[in-house]
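Structure first, commentary second.
What follows is calculated from the coordinates using simple rules that are stated; it is not laboratory data. As the structure is a prediction and not an experimental result, all values here were calculated from the model. Neighbour counts run over all protein chains shown; Cβ positions are idealised from the backbone, glycine included.
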Amino acid sequence: MLGAGGGRLAYDLHRLCGATETIVLDIDPYLLVIAEAVVRGATLRLTESSLNVFEATRTTLAWTLNRSAGPLADDRFYFLLANGLEPPLSDGVWDTIVTPWFIRPRAPHLEEFLAVLVRLLRPGGAGSTRSLARCAGVAARAALAREEIFDLASGAGFRIDRWSAEARLLLVSPLTAGARWSRS
C-alpha cells in the first residue's frame, strides 16, 4: 500500500483478503513507528491535541490504539519508510497496489504517478480504481475532471470497470468537531 499512513486499512485488507504478504509504505516515520507497534501486538495510548477547540478545558483527547484481530508477523507484513512517488520496489512483480489517500494530493502529477504504478504491477495485476475515482472528487483543486483522470488511467493501461460518486465525512475529530468532506 502506497501512502499507508497509520496502516489500519492495510491491516484490515491483509486480514480480510487473506494476503500472504503486505508491504505498507509511507514517508511519515511517526505514523509508521506507531503502526508497526500496533500491528505487532502493542496497545498504545495516543493523545490528540488541538488549538482549534470549543472548550478551553478540553484541548486534548486520548485514544487507545490496538489491533482488531491479533498481531501480524514481521515475515508477512512489512513497513517501509520511503517516498511513494519513487518507491524502492521491484518492477513488475506486484499483484495489487492500493493507494487510498495518496493519489488525491498528487493529482497534478497523476500521469507520472500512474506510470510508476504500471511499472510496479505485474502484467494482469490490479490497480486501485477506487483511488482513481476518489481523486476525481477533487477535480476543481487539481484542475482535472473525472473524465480526464479516467483518460489518463486508460492511457497508462488501467481499465475502469465501474465507478460511483458519494460524499463522505472524513477525519472527524470529537475534540474539535472538525471534519473534512470527501467525494469518492
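Close amide H partners of residue 96, meaning residues 5 or more places away or on another chain with modelled amide H under 5 Å apart, are 126. 3J(HN,Hα) along segment 69-83, derived from phi through the Karplus expression 6.51 cos²θ - 1.76 cosθ + 1.60 where θ = phi - 60°, amounts to 9, x, x, 10, 6, 6, 9, 10, 9, 10, 10, 10, 8, 6, 7 Hz, with x in place of Gly and Pro. Between residue 93 and residue 148, the FRET efficiency estimated from the beta carbon spacing at R0 = 35 angstrom works out to 0.70. Remark: segment 1-125 carries a charge dipole of roughly 340 debye about the Cα centre, counting +1 on each Lys and Arg Cβ and -1 on each Asp and Glu Cβ. What share of the DSSP beta bridges in segment 1-89 is antiparallel, in percent to the nearest 5? Beta bridges within segment 1-89, antiparallel portion: roughly 50 percent. Residues whose amide H comes within less than 5 Å of that of residue 82, counting only those at least five positions distant or on another chain, are 26, 27 (H built at 1.01 Å from N in the peptide plane).
Residues whose amide H falls under 5 Å from that of residue 22, counting only those 5 or more places apart or on a different chain, are 77, 78, with hydrogens built in the peptide plane.
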